[in-house]
Amino acid sequence: MRSGPVRNLSYYRSLEYSCILQRKAGGFVVLIPELSLCAEDETVEKALESLEMKKDEYFTRMVDNGLQSFIIEPRAFATLWRRTLLGPFNRAFFVKLVVVAVLLICLLGIGAAVAKRYLNPTRVVSRAFQIIDGLNEAPEETKERVRKRLHDTAVKLKPFVRELKVMFDEDEPQPVQEKTRK
């Protein structure tokens, strides 16, 4: 059972519902969506007056028949605010937007972690030195296989020679001058 004010005819007449006004050829239409009531007339004032009469008839009929529990009361302020401010958007849109944002943040975080781990120049150079150290202690056939892998790696690193050169220079890095072809 509901607690709060007694829900009689005067209670329902005192409630304030939001109205939607639309211009129509030859007049205006006013409606209360919660009650599914509408009225139309040539002027806004007459349309509102007609709507008030229909609303009063509706409440009288519902209360007289003991159907107060089926009367939809005006929405709370937060609901109205959300409906009017975010009218063109629906809840599904915002849920999808949040999911996409979370996925994007996760992907950026994973991408940064992968880049830090595998694209770290210090790690690449350290691995190269490990290969060279292992090469000195390996049998001859292993040395040849490692040399080939090292050669392949050097070929892949060739586009990054300028950046690597700066890492190995002990003095201030000198600008690299490109050779001009004749």
Inset, instruction - With +1 on each Lys and Arg Cβ and -1 on each Asp and Glu Cβ, and nothing else charged, work out how big the dipole of the range 9-85 is about its Cα centre, in Debye to the nearest 20. - result: 360 debye
Legend entry - For the range 9-85: rounded, prolate or oblate by the Cα gyration tensor [a/c cutoff 1.5]: oblate
Legend entry - Order of Leu48, Leu107, Leu31 under a 10 Å beta carbon neighbour criterion, fewest first: Leu107, Leu48, Leu31
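Coordinate-derived values only; no laboratory data. All figures in this text were calculated on a predicted structure; none of them were measured in a lab. Glycine also receives a Cβ, built like all others from the backbone with ideal geometry; neighbour counts cover every protein chain displayed.
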